[in-house]
Amino acid sequence: MASVTYEHVSCVYPGADRPAVDKLQLHVEDGEFLVLVGPSGCGKSTSLRMLAGLEDVTDGRILIGDRDVTDVPPKDRDIAMVFQNYALYPHMSVADNMGFALRMAGLGKAEIAERVREAAKLLDLEDYLDRKPKALSGGQRQRVAMGRAIVRQPQVFLMDEPLSNLDAKLRVQTRTQIAQLQRRLGITTVYVTHDQVEAMTMGDRVCVLKDGLLMQVGKPRELYDRPTNVFVAGFIGSPAMNLFTMPVADGGVVLGDVVYPVERTVLGQASDSSVVLGVRPEDLDIAEHGLPIEVDVVEELGADAYVYGRTKQGDAEHQITARVDGRRPPERGSVIHVTPRQGHVHLFDVASGERLGD
Amino acid sequence: MAVTRQDRPSGWYLAPALTFFGAFAVLPMVLVVYLSFTSWDGFGTPELSGVGNWERLMDDGRAWDSLWLTLVFMVLTWLVQTPIALLIGVWAAGRQRNRAVLSSLFFLPLLLSTAAIALLWAAVLDPNFGVTQRLPFLGDFNFLGNTELVVYTVVWVISWQYVPFHTLLYQAAARQVPQSLYEAATLDGAGRYRQFFTITLPLVKYTIITSTVLMLVGSVTTFDTILILTGGGPGTATRILPLHMYITGFSGYEFGYASAVAVLLLLLGAGLSLAVTQATGFRKMQSQQEGM
């Protein structure tokens, strides 16, 4: 067991004019499940691969526990990785796939067999040990890839989008299984995904990256309730948070025909006469006055319904999503008014995108 | 519009392919079997001579010597070409720029005609004007005149000619191996040699078989390089069976007898490729990446 520390770690690919990962500063606690999330090209996989030793660190240091592993060969880092395509050796049986690293480490046959059997039991793979990967289903292959990591009893698990090759239903099941397994084994895990739902449901903490820069790291709840900038606000949550640029009025922000009250100290931080206002679909209530929405689409999910529509603010037209009671959804084409729930509005600076106030 | 059974492409779409296959594969084979039972000097009308040619072939010591030599060539060229082609191919599969540049040099012999290659090497190895005279420290070898050495010389030249082609096959095969397998193996603690034997080699298995079959069949069909390089000599030191067939037919004008030899070669080639594909499970071949 060990913690993982990135100290100002950068990675610049040859020929690239900007770093794939830029001065990443991150500490993962011993036994913690940390998820790296972000859109493609954000540097999440590169960060993971640098930890694995598959990518060179251009600048900075990576520590596992107290040990600087920046220049340690991958096999000596005491880590195990689960690949997106599983990278199972197609010509080897499940048992051989799982035991390969142990064989390379020079363990005895009996011990390898024992550890493979244990892992197989844990993952419900005992009946498939003699099969080749081609004779397994996608979910079974995924479990073999997990098993291959588990038998090594490493200090850190690295997982690079291990669920993206599964169908939707299996992905949800396996998501829970991996999280449970990790908690049971207590092994520090760094998990990469582009799916923010995966990130929010699995991680003890979530680290959001964009363009090689760390945007925010924190517990899923923190990211959801207090995004530090516009990017995190829009990225975390599904359906995404509504974000509009709105003019500032005396004592608040103009929303349709009402003024949403905001403290002067907060408004004073803004660099412009307007601010970016963010409000999640579930924090909008239907009211007599407020922001008018022209309803385009109503998605009925049973308990809830999502209203997708347009709202006008001055000359600009914004797309807007609101969650409403599923039993009384508005008609398509109708106009409704919504106001944000007090205390559930996020304000960001127009220029920097940084959060204003609390 | 729904596609009904009647809209399916008719068998006539097969006609062009079948015509070519019939005209250039089946028909010559049938003809050569027919000719093997005739006596024909290439000018008049072939006259049926029963099993005469076949009886003669059975008793023809030179033909059997040639067959033995063919098998020796087959084994030697395979032993020389396969490891070299495999290693260069796997090396050339890397995306590094220096590898790309060097590989294009390696592949140059592919662009040369057989005649050019044979003449080139005949000049290089000429005992009076060739490399042994220019570079005396190499020793005074008569590469083409010594009856024992010439066998290895011919194996070398043929390998030089065909290694690039097989290298190309291996390069393509090695490039198909997913990079993540090597990454997984690196993390599992396998070094480069280990990765070659544990990942690359098993995953290019079917290419090794393909390349082997091509080499074996090549050994019983091609003779042009040897014809130009040594003419089968000195004496009959390099007179492999295909060359024996050619010389019998086109120098001795015994097309009937040459056809009997050709039929023997045909059976040998077909038998060998069947045996290899059977023995290696190639017939059950599936994608090498199944399970990935």
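Read-outs throughout are calculated quantities, based only on the coordinates presented, and are distinct from any laboratory measurement. This structure is a prediction, so every number in the text was calculated from the model and none was measured. Note: ideal-geometry Cβ built from the backbone for every residue, glycine included; neighbour counts use all protein chains shown.
Figures for the structure shown
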| item | result |
| --- | --- |
| Semi-axis lengths, Å, segment B:108-226, gyration tensor of Cα atoms, sqrt of 5 times eigenvalues | 38, 18, 12 |
| Normalised contact order of chain B, rounded percent, pairs of Cα under 8 Å and 6 or more residues apart | 28 |
| Distance in nm between pseudo-label sites at A:D78 and B:T19 (7 Å out along the Cβ direction from Cα) | 7.4 |
| Segment A:4-43, Cα convex hull volume normalised per residue, Å³ | 71 |
| Cα-based equivalent ellipsoid of segment B:1-76: semi-axis lengths in Å, sorted from largest, via gyration tensor | 43, 21, 10 |
| Computed [θ] at 222 nm, deg cm²/dmol, the protein assembly as shown (DSSP H ≥ 4; -39,500 (n - 2.57); rounded to nearest 500) | -13000 deg cm²/dmol |
| Residue mean of other protein chain beta carbons inside 10 Å, B:198-204 | 3 |
| Dimensionless Rg over Rh [segment A:239-349; C-alpha; Kirkwood] | 0.98 |
| All aspartates and glutamates inside 18 Å of A:K109 as judged from Cα atoms, apart from same-chain residues fewer than 8 positions distant | A:D96, A:E118, A:E126, A:D130, B:D188 |
| ³J(HN,Hα), Karplus 6.51/-1.76/1.60, whole Hz, each residue of segment B:257-263, x for Gly, Pro | 5, 4, 5, 4, 4, 4, 4 |
| Paramagnetic reach from A:E299 (point 7 Å along Cα→Cβ, amide N under 11 Å) across segment A:204-243 | A:238-240 |
| B:L108/B:D59 FRET efficiency (R0 35 Å; Cβ-Cβ; nearest 0.05) | 0.15 |
| Pairwise FRET efficiency - A:K121 versus B:L48, Cβ, R0 = 60 Å, nearest 0.05 | 0.20 |
| Ratio of the Cα radius of gyration of segment A:7-79 to 2.2 N^0.38 Å, where N counts its residues | 1.07 |
| Segment A:K219-A:R332, length gained on full extension (0.36 nm per residue, minus Cα span) | 36.9 nm |
| Spin-label pair A:E114/A:T201, simplified geometry with 7 Å Cα→Cβ offset, distance in nm | 3.8 |
| Whichever lysines have a C-alpha closer than 30 Å to that of A:K44, once near sequence neighbours (fewer than 8 apart) are set aside | A:K23, A:K75, A:K134, A:K169, A:K210, A:K219 |
| Cβ-defined net charge surrounding B:R62, 12 Å radius [Lys, Arg +1; Asp, Glu -1] | -1 |
| Cα gyration tensor category, rounded, prolate or oblate, for segment A:126-182 with a/c compared to 1.5 | oblate |
| For segment A:239-349: relative contact order, % (alpha-carbon pairs under 8 angstrom, 6 or more apart) | 30 |
| Charge tally in the Cβ shell below 12 Å around A:D71, where Lys, Arg are +1 and Asp, Glu are -1, A:D71 excluded | 0 |
| Net +/- balance of residues flanking A:A101 in space, Cβ distance below 14 Å, scoring K and R +1, D and E -1 | +1 |
| Contour excess over end-to-end distance, with Cα ends at A:H27 and A:E282 and 0.36 nm allotted per residue | 88.5 nm |
| Quarter of the Cα convex hull surface for chain B, i.e. its orientation-mean projected area (nm²) | 23.8 |
| Modelled FRET efficiency - R0 60 Å, B:S251 with B:F196, Cβ distances, 0.05 increments | 0.80 |
| The protein assembly as shown: radius of gyration over Cα atoms, expressed as a fraction of 2.2 N^0.38 Å | 1.42 |
| Considering only chain A, percent of DSSP beta bridges that pair antiparallel, nearest 5 | 75 |
| Ratio of the Cα radius of gyration of segment B:48-132 to 2.2 N^0.38 Å, where N counts its residues | 1.72 |
| Of every Cα-Cα pair in chain A, the percent that sits beyond 35 Å | 37 |
